[in-house]
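Written out below as structure tokens is the structure these notes cover.
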Amino acid sequence: MRVGIGYDSHRFSRARRPLRLGGVTIPESPGLEGHSDADVVLHAVADALLGAVGGPDLGELFPPSDPRYRGMPSRHFIAQALRRVRSAGWRVGNVDTVVVADRPTLTPYKAKMRRAISGLLNISEDAVSVKAKTTEGFPPKAQGIMAYAVALLEPSARRRVQRKPS
Ligand code: MG
């Protein structure tokens, strides 16, 4: 088995842009600053997947300086990370995430995010967890949103066959 960890943080944007978190749009909140759609949760998940296969991190794969990735939906990053997971002979066992946000209140969106992430990863909903926390007033209070993710990978059928002694 393999395990990977991911982290990301983005500041709230002054520009009018939608808040995307865990593949879900949260309409009542200002969006986050960022080159792509700034979905910190999906960025953390993608980095956890990449970390678990010893791959390059998200910033190396998709440099923010590269105009091709401007406004890019983060599901694309997840798809790329998954491709690497699969080609290395692994499949996603489960993914656990923590979102740290003083605003907006994420409780009404946790189930939606869980569903969206499980759909993107093609795993069952009970293999995905989204937990919402606040900073309790520690800096950087309310200036942005942070996310942590851990991913566990299991050998795929292909890998199990390859590793069987002949
Ligand atoms: Mg990011």
Would you check which residues across region 118-166 are modelled with pLDDT of 80 or more, in a loop (DSSP other than H, G, I, E, B) and under 17 Å from residue 1 (Cβ atoms) and list them?
-> 123, 156
Within the bounds of region 60-74, is there any residue that is over 25 Å from residue 159 (Cβ atoms) and touching a helix residue (DSSP H, G or I) at 6+ places or on another chain (Cβ under 6 Å)?
-> yes
Considering only region 7-40, state which residues are open to solvent by less than 10 Å² (accessible area, probe 1.4 Å) and more than 10 Å from the ligand (Cβ to nearest atom).
-> 19, 21, 22, 26, 31
With the condition kept exactly as written, say whether any residue in region 47-58 is free of Cβ contacts under 8 Å to residues at least 24 places away in the same chain, within 16 Å of the ligand (Cβ to nearest atom) and surrounded by fewer than 22 Cβ atoms within 10 Å (Cβ to Cβ).
-> yes
Unmet criterion (only one of (1) over 27 Å from residue 90 (Cβ atoms); (2) surrounded by 13 or more Cβ atoms within 10 Å (Cβ to Cβ)) for residue 128 = (1)
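The values are calculated or read from the model by the stated rules, or taken from the named source; none is laboratory data. Since this is a predicted model, take the numbers as computed values, not measurements. Neighbour counts are summed over all protein chains in view; Cβ atoms, including those assigned to glycine, are modelled from backbone coordinates with ideal geometry. Each accessible area value is taken on the protein alone, full model and side chains, heavy atoms only, with ligands, DNA and RNA left out. Shrake-Rupley method; radii C 1.70, N 1.55, O 1.52, S 1.80 Å.
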